Amino acid sequence: MVQIFHPGADTVARVILASIGAAPVLAVGLAYTLWRSPYATAQDVTREQPVPFSHEHHVGGLGIDCRYCHTSVEKAAFAGIPPTETCMSCHSQEWTNAPMLAPVRQSLAEGRPLIWNRVHDLPAYVYFNHAVHVAKGVGCSTCHGPVQTMKLMRQSAPLTMGWCLDCHRDPAPNLRSHEAVFDMTWKPPADQAVIGARFMEERSIKSPERLSECSICHR
């Protein structure tokens, strides 16, 4: 009987079938990789702003406290963006004619606020309250990273659901004294596990099971 297929056809067929079977797995892997990549999370991405505001200079160099600009961080869900008047409280005397500050001067003269591009932009279906986290002892650097070293602000953490849940399931490592909440150089001490557990009890922080419930962040 005449052989219809080439001797290597069986090998080719096996490779093709294996490739077809592996395709869904590879597709899921690729999608997961992209989902966790900076392309999707915007982690470490700097955004163009109307003024190149440097946290490295203002926080790291001048030692300005977070609350001077973000005035509502202790009492509201939104930390607040400083109005032009806050900027001009210093820049009406310092760097008064600097070209890079022209948008600030124009904003004040026209009575129009500067339009900043949000760096930490959570989806609309995610509820986050700055005041609650600050009151419980979660410091700014826990989520925002070492902003005192950033010439231009960037998103230090991935801010994915998994990243948030890691903290909600075990908050103790991220809890600090209220005096240290705005200390951007804070490092957990050697006995942080003991201190964190005590803070959880003293501040009536809900159990990890409760903090992991969907309604905590999705309302």
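Brief remarks follow.
- For Lys151, a cut-off of 13 angstrom between C-alpha atoms picks up these aspartates and glutamates, skipping any fewer than 8 places away in its own chain: Asp44, Glu48, Glu56.
- Take every pair of alpha-carbon atoms less than 8 Å apart whose residues are at least six positions apart; their mean separation over the length of the range 101-219 yields a relative contact order of 30 percent.
- Within the same chain, aspartates and glutamates fewer than 8 places from Lys206 are excluded, and of the rest, those with a Cα less than 13 Å from its Cα are Asp170.
- Candidate lysines for bridging to Lys187, where Cα separation is under 20 Å - those fewer than 8 sequence places away on the same chain excluded: Lys136
- Per residue, the range 110-184 exposes an accessible area of 54 Å² to a 1.4 Å probe, with every protein chain left in place.
The values are calculated or read from the model by the stated rules, or taken from the named source; none is laboratory data. Everything quoted here is computed from the prediction, not taken from an experiment. All accessible areas refer to the heavy atoms of the entire protein, side chains included, with ligands and DNA or RNA removed. Shrake-Rupley method; radii C 1.70, N 1.55, O 1.52, S 1.80 Å.
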